[in-house]
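J.: Have a look at the structure that comes next, please.
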Amino acid sequence: FTGKNNVVLCFYPKNHLFACPSKKVFEMAKSVISVYDEILSTNSKLFAISIDTVESQKKFVDEYDIPYLHLSDTQKSTCKKYSGLNIAGLAKRITFIIDKNGIIKNIFQNIDVQNHGKQIVEFLKKLD
């Protein structure tokens, strides 16, 4: 993607958890889906990453009709390098914006899941 696209990496704990974290995953996905065309219009590619298996990722993407790629990091190597892991060994909820030159331009932490899509778009529009 270097030289062509900005990259958005959205790390999140897990697709199907019991209780609150699962609701946050769905809310964040809805927020990003609602602005996905705007993200694409900024010459950006978006990837969501968790420690879920490929099968779990496919089920989640199909279940919620998610248009962007979900990546599986069952070995937790990418999650450890970028977002770190929480006390339960799951990826922390963090989003990285990487510009066309491969430079990390922003890191969203303490994410407001309902407005995160808008936050991503606002930042991406500042890059161009």
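J.: Can you tell me how many residues in segment 74-85 are part of a loop (DSSP other than H, G, I, E, B) and over 13 Å from the mean Cα position of the chain (by Cα)?
T.: Summing the residues that are part of a loop (DSSP other than H, G, I, E, B) and over 13 Å from the mean Cα position of the chain (by Cα) in segment 74-85 gives 4.
J.: Scan segment 47-63 for residues that are in contact (Cβ under 8 Å) with a residue 40 or more places away in the chain and within 15 Å of the chain's Cα centre (by Cα) and jot them down.
T.: PHE47, ILE49, SER50, ILE51, GLN57, PHE60 - these are the residues of segment 47-63 that are in contact (Cβ under 8 Å) with a residue 40 or more places away in the chain and within 15 Å of the chain's Cα centre (by Cα).
J.: Quick check: anything in segment 37-59 part of a helix (DSSP H, G or I), under 23 Å from LYS105 (Cβ atoms) and hydrophobic (A, V, I, L, M, F, W, C)?
T.: Yes; the residues of segment 37-59 include at least one that is part of a helix (DSSP H, G or I), under 23 Å from LYS105 (Cβ atoms) and hydrophobic (A, V, I, L, M, F, W, C).
J.: Looking at ASP37, ASP73, ASP52, ASP65, can you tell me which residue is among the charged types (D, E, K, R) and in contact with a Phe, Trp or Tyr (Cβ under 8 Å, 6 or more places away or on another chain)?
T.: Sole residue among the options that is among the charged types (D, E, K, R) and in contact with a Phe, Trp or Tyr (Cβ under 8 Å, 6 or more places away or on another chain): ASP52.
J.: Pairs needed: first member in segment 64-82, more than 14 Å from LYS14 (Cα to Cα); second member anywhere, outside any helix (DSSP H, G or I); C-beta distance under 6 Å; at least 6 residues apart or different chains.
T.: Pairs that qualify, where the first residue is more than 14 Å from LYS14 (Cα to Cα) and the partner is outside any helix (DSSP H, G or I), are TYR68/LEU46; LEU69/PHE47.
J.: Every residue in segment 1-32 that is modelled with pLDDT under 95, hydrophobic (A, V, I, L, M, F, W, C) and assigned to a helix (DSSP H, G or I), please.
T.: CYS20, VAL25, PHE26, MET28, ALA29
J.: Pull out all pairs, ordered by first then second residue, where Cβ-Cβ is under 6 Å, the residues are six or more apart or on different chains, the first lies in segment 86-101 and is in a loop (DSSP other than H, G, I, E, B), and the second is surrounded by fewer than 18 Cβ atoms within 10 Å (Cβ to Cβ) and among the hydrophobic types (A, V, I, L, M, F, W, C).
T.: These pairs meet every condition: ASP99/LEU127.
J.: Count, please, the residues in segment 102-114 that happen to be exposed (fewer than 12 other Cβ atoms within 10 Å of the Cβ) and either in contact with a Lys or Arg (Cβ under 9 Å, 6 or more places away or on another chain) or in contact (Cβ under 8 Å) with a residue 40 or more places away in the chain (or both).
T.: The qualifying residues number 3.
J.: Check whether at least one residue in segment 51-66 is crowded, with 18+ Cβ neighbours inside 10 Å, in contact with a helix residue (DSSP H, G or I) (Cβ under 7 Å, 6 or more places away or on another chain), modelled with pLDDT under 95 and closer than 27 Å to LEU127 by Cα, and report yes or no.
T.: Checked against the condition, which is being crowded, with 18+ Cβ neighbours inside 10 Å, in contact with a helix residue (DSSP H, G or I) (Cβ under 7 Å, 6 or more places away or on another chain), modelled with pLDDT under 95 and closer than 27 Å to LEU127 by Cα, segment 51-66 yields no hits at all.
The values are calculated or read from the model by the stated rules, or taken from the named source; none is laboratory data. None of these values were measured; they are calculated from a predicted model. Cβ coordinates were reconstructed from backbone atoms using ideal geometry, including for glycine residues, and neighbour counts include every protein chain displayed.
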